[in-house]
Amino acid sequence: MKIELPTQLLEESQLEPEHIAIAVEKPNDPITETQSHSASAQSSWTVFATTFVTIFLAEFGDKTQLSTLLMSAESQSPWIVFSGAAVAMVITSLLGVLLGCWIATRIAPRTVEKLASASLLLISMMLLWDVVQ
């Protein structure tokens, strides 16, 4: 069941209709709970897969991987280098997730997207400027 606010309230709030609609489910409805759990699990796997592929492709062949390769070759202790690199990557990822959660509670998602886009565009322009000079 969907509950929507009257048009007058919608116009006064200046929000888009998709942000106003509220879905209401019957509690303890086995069909709804199963569907909700299934959708949640699918959504979790989608987020996991998207994150994995994005990070894997972004990190593949970057300076961190090359540094790890060189340290492993020089140290003759590849498992220790792997362990150190893995722990460092996990901690930096944890910091990124925690910072992202903190930002999400304070800034609207649309604003975060715009800031991220502007930041990436600025970095790209700076890199291009370095190449051109």
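Here, each number is a calculation from the coordinates, and none is a lab measurement. All of these numbers come straight from a predicted model, not from anything done at the bench. Note: ideal-geometry Cβ built from the backbone for every residue, glycine included; neighbour counts use all protein chains shown.
Determine, from the Cβ-Cβ distance of Ser44 and Leu128 and an R0 of 35 Å, the FRET efficiency 1/(1 + (r/R0)^6), rounded to the nearest 0.05.
My answer for the efficiency is 0.40.
Between Leu99 and Leu69, what is 0.36 nm times their sequence separation minus the Cα-Cα distance? Round to one decimal in nm.
Length gained, Leu99 through Leu69: 7.9 nm.
Expected output is a single nm value to one decimal: the length gained when fully extending between Thr54 and Ser83, i.e. 0.36 nm times separation in residues minus the C-alpha distance. What is it?
8.2 nm
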